[in-house]
Amino acid sequence: MDNKGVLVCGEIVEGKLAPITIELLGVGRKLADELGEDLSALLMGGKAGGLGQEAIAYGADKVYIAEDSLLDSYNSDAYTQMAADLCQKELPSIVLLGHTDIGCDLAPRLNGRLGGGLAMDCLELSLDSAKMLVSTRPVFGGNAHATMVSKTARPQMATLRPKTVPPAKRDDSRKGEVIPVEGKLDPAALKVKVVERIKEEVEGVKLEDAEVVVSGGRGIGSAQSFEMLRELASVLGGAVGATRPACDEGWAPMTLQIGQTGKVVSPKLYIAVGLSGAIQHIGGCLGSKYIVAINNDKEANIFNVAHFGIVADYKEVLPALTAKFKELLSA
Amino acid sequence: MNIIVCVKQVLDPEIPPAKFKIDPATKKVIPPPGVPPVISVFDERAVEAACRLKDKQGGKITVISLGAAQAAEVVKHTIAMGTDEGFVLQDEAFEDLDSFGIAYVLGKAIEKIGAYDLVLCGRQSADWGNGQVGSILAEIMGIPVVTLACDIEAADKKLKVKRIVKDGYEVLEAPMPSLITASSELGLPRLPAGMRIMIAARTQVPVWKAADIGAQGPELDKAKAHTEVTGLSVPSRKTECEMISGDSPGQAAENLAAKLAKLL
Ligand SMILES: Cc1cc2nc3c(=O)[nH]c(=O)nc-3n(C[C@H](O)[C@H](O)[C@H](O)COP(=O)(O)OP(=O)(O)OC[C@H]3O[C@@H](n4cnc5c(N)ncnc54)[C@H](O)[C@@H]3O)c2cc1C
Ligand SMILES: Nc1ncnc2c1ncn2[C@@H]1O[C@H](COP(=O)(O)O)[C@@H](O)[C@H]1O
């Protein structure tokens, strides 16, 4: 096998290296050191050039910069083409991406094109005794964890779930090489056109940043009753989340869905109201410091992961809870 | 419009975690007795997307499912929803396929079906949840792919796709044929009703073997060998839940607030 080295496919958010990229550089550095090989990073987009040194400070030995303006914002065809070209030229042994909007779309396509072996949504990445990448990922909604290895296919690829490893430490004295990627993208190769991008602004605290999340499920029963959750959230300076059925019913916007196929949150306090605690949902909130469950069924699975619980109709609990918090927090 | 939908039959993902059992030695899940397998949730939404397109502009929907012979049940379920025909791809050689292997076999079946304008998949399967097969399949077939669709329109040989992203959505325009993966934001799938249920019940679902679609030999072996599951375990999660009580639910709520206020 001629493939060598670890490559991180970076992401740029608002002109900076995305947090996940800094996390990946940390993991990538460790793997590269164990292998005794180089860590490189690929940065795509018009402003990528300015970030080369930063990626080096976070651990990269080489940073490939692809500054084509077609890469300014995520375009599946363009990113796949650029990343695949680089991988075919540089032949990395391991390629790491973030399990983000970009990584989830890009990684499987890239893998399809390169013919490697890919594990998605990994919680842990390490090397086995044969120095092959071992990827640990949740399967069956999180009921089980599987480890996967790619024995012969190259590159070995993985997407890493954000916030599962600490970010790499910055060291501005590190030295490395910034390499502009030659060759432009052929616009004709971009088959899918981006017509528009719509941001759905949510009022108040962003779900991902909230210290308190009040989350509702099918048991809430109506869009109107969801207001009770909003009141509690606003008293606590937090945000509202929801389960998939609550989103399906239109009681909460889709962007508030928490879980395996929604957002992953790790607030200080997660108040789960009228939701059963399905494995696919709690996967999105298990990182919370305290989980509180309010459910009228004492057998509900949410009580198996909650720290505090009340077994009752939420309609009889929430008003008093909101009022008491108001009183305590204003004191 | 000719639409092909790839649907997978899976262990019911909504079984309570207590019923979830594995055999670590064989690295397999032991299905709890008496729980029938179901159609993977996002694949059902992909079928719904196909049916909506057919409702609007007519056409034909063909469904394929790679799995055990019982996968005929999920194909029938889609026929009851409104699809036209379906095939099960079943062969000893297809056991324990990884994402690449599955995509390869599905691609071979699609080649056999012939002309198509759109291939639909779910965003990820409800069991192993790789979220890869659709994209690999598109790359193998050399057609464009759009992932995470929540709305699809077809007009003038083009597909207009609304795609979910973290903080909103994108609108994309893809040529035909393309492959699109469906997300749950597409909306609830229709419930089978009336005549369609009877049509589905009477349908015989043909089974295609490896030889029927030419998915065999060194090509299949190569497609199989991309990843290997080397371990399967159930993570232990045990939290002591302190139940908060009171003379009334309201009282319990106040006790809870007092307790939490101290911790925050
Ligand atoms: C592949 C896959 C991915 C998925 N991804 C996600 C995901 O990302 N996020 C997600 O949320 N789901 C996801 N799901 C769905 C998940 O499996 C569950 O179906 C869903 O989370 C259940 O939502 P729920 O708890 O709101 O509803 P239910 O399970 O119906 O629970 C409702 C609860 O409300 C309680 N209740 C009812 N009335 C009251 C009342 N008056 N007071 C108090 N309690 C009451 C009931 O006792 C019950 O426990 C996914 C499923 C699959 C298969
Ligand atoms: N065995 C299968 N038969 C038919 N379609 C499948 C099969 N496995 C995966 N798919 C399709 O590929 C999608 C993604 O699967 P996965 O990559 O396993 O998460 C699913 O939602 C299905 O549409």
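Descriptive notes on the structure:
- Among the residues of B:143-149, the average count of other protein chain beta-carbon atoms within 10 Å of the residue beta-carbon is 4.
- GNM on chain B, alpha-carbon springs under 10 angstrom: the most fluctuating residue among B:SER99, B:SER245, B:SER184 is B:SER245.
- The angle between the Cα long axis of helix B:72-81 and the longest principal axis of the Cα atoms of chain B comes to about 90 degrees, rounded to the nearest 10.
- Amide H contacts of A:ALA18: A:GLU11, A:ILE12, A:VAL13, each under 5 Å away and 5 or more positions distant or on a separate chain (H built 1.01 Å from N in the peptide plane; Pro and chain starts excluded).
- For B:THR62, B:THR78, order by how many other beta-carbon atoms lie within 10 Å, fewest first: B:THR62, B:THR78
- Put in line by how crowded their Cβ is, counting other Cβ atoms within 10 Å and starting with the fewest, A:GLU299, A:GLU249 read A:GLU299, A:GLU249.
- Distance-filtered residues of the range B:219-262 - backbone nitrogen under 18 Å, label point 7 angstrom along A:GLU327 Cα→Cβ: B:245-262
- Shielding by partners, peptide B:10-17 (average Cβ within 10 angstrom, other chains): 5
- The calculated 222 nm mean residue ellipticity attributable to helices in chain A amounts to -8500 deg cm²/dmol, summing -39500 (n - 2.57) over DSSP H runs of n ≥ 4 and dividing by all residues.
- Amide H within-cut-off set for A:LEU42, under 5 Å, with H built and near neighbours excluded: A:VAL8, A:CYS9, A:GLY10, A:TYR64
- Legend: calculated FRET efficiency, B:LYS222 to B:ALA115, from the Cβ-Cβ distance at R0 = 45 Å, rounded to 0.05, equals 0.95.
- Neighbouring Cβ atoms from other chains, within 10 Å of the Cβ of residues in A:193-205, number 4 on average.
- The range B:96-125: trypsin sites (Lys or Arg not before Pro) in DSSP loop, at most 11 other beta carbons within 10 Å: none
- With a simple spin-label model that places each label point 7 Å from the Cα along the Cα-to-Cβ direction, the separation between B:LEU263 and B:VAL229 comes to 3.5 nm.
Each reported figure results from applying straightforward, stated rules to the coordinates on display, with no laboratory input. The shown structure was predicted, so the numbers you read here are calculated from the model rather than taken from an experiment. Neighbour counts are summed over all protein chains in view; Cβ atoms, including those assigned to glycine, are modelled from backbone coordinates with ideal geometry.
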